[in-house]
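Presented below is the structure to which this report refers.
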Amino acid sequence: MEYILETYNLEKKYQNFKALSNLSIHVEKGSIYGLIGKNGSGKTTFMRLICGLQKPSNGSYKIYGIPNEDKKIIEMRKKIGAIIESPSAYLDMTAEENLKEQYKIIGLPFNLDKLNEILKLVGLDKVGKKKVKKFSLGMKQRLGIAIALIGNPNFLILDEPINGLDPEGIIEIRELILRLNKEKGITFLISSHYLDELSKIATHYGFLNNGQIIQEITSDKLKENCKKRLEINISNMKECIKYLEENNISYEVLSEHLINIYSKVNITEIMISLSQRNCIVNEFHEKEETLEDYYINLIGGINND
């Protein structure tokens, strides 16, 4: 297993407040790693540490196998592109001018062919002389990714990349991330509150709570763990429970007439059997636990602190 990023008991303190505590994370090469956590859970702090914008109070990390205390870590960070909190761009410049400026900032020789390739890749090759201040939010976000791609990084760190975007903008960013991952082999570390959208692209997840990673899991394993259930509305809860227990069927009572069945069952057989017990199935729906459901259950409920 080859990791782009590994952290070991990483900690960040601000006076008496611990933003990160014993955080250990493993970002596999070629993955799209979704970092999930509530506001204040430490996501942005963690990204800032990895990018060298802050120093850890304790613990360590490796980028491309190089420890953060090694002088070579500066070179390793040159392989990273990042957008933290919001994309940075000069509003009175065009997209092309912003990219030219980024070449100067990071000290690379200007390459017009590469610049045009990046603009085309992010779908900004036809914006011409339009100033960034007239861009839509989605266009600004794509420009931010374009700027992050200067220097040919193979690891991109994106902090809330679809925050505030309309549905069209969200789709554009999703498709861009997938294209960069599959065609360019770029590894991603992405934080997002849009868990349904994140579930469409992520290959791995890290669940963050109170500054700690409480679980790392692949998307395939997550799908296995997410409970599938049959939600039924019935007329006689007492008889329904009796039937389910007699047949060793796993269930959860939700209300006076609503119950979840977790075992694999034949709904037609259940409806017939229950009707014979004077219990009518009024309505039923097949459902599956979402990424959001899984996270909330993992941290112990929506009001967990």
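The values are calculated or read from the model by the stated rules, or taken from the named source; none is laboratory data. Worth saying up front: this structure is predicted, and the values here are computed from it rather than measured. Note that we place each Cβ from the backbone using ideal geometry, even for glycine, and neighbour counts take in every protein chain shown.
Overview of results
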| quantity | calculated |
| --- | --- |
| Exclusive hit being without any contact (Cβ under 8 Å) to a residue 60 or more places away in the chain and under 30 Å from V265 (Cβ atoms), set L195, L254, L176, L222 | L254 |
| Filtered residue count, region 4-38, keeping only those that are of a type in the set (F, W, Y) and under 16 Å from N181 (Cβ atoms) | 1 |
| Strands (runs of 3 or more DSSP E) contained in region 20-118 and holding at least 1 residues over 21 Å from the mean Cα position of the chain (by Cα) | 58-63 |
| Where P87 falls short, out of the listed (1) closer than 20 Å to S192 by Cβ; (2) exposed (fewer than 14 other Cβ atoms within 10 Å of the Cβ); (3) modelled with pLDDT under 90 | (2) |
| Residue match in region 27-42 (condition: within 16 Å of L208 (Cβ to Cβ) and acidic (D, E)) | no |
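Okay, residues lined up against (1) acidic (D, E); (2) farther than 30 Å from N181 by Cβ; (3) not assigned by TED's automatic domain parsing to the domain that holds R179:
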| position | (1), (2), (3) |
| --- | --- |
| N209 | no, no, no |
| E231 | yes, yes, yes |
| L258 | no, yes, yes |
| E269 | yes, yes, yes |
| L274 | no, yes, yes |
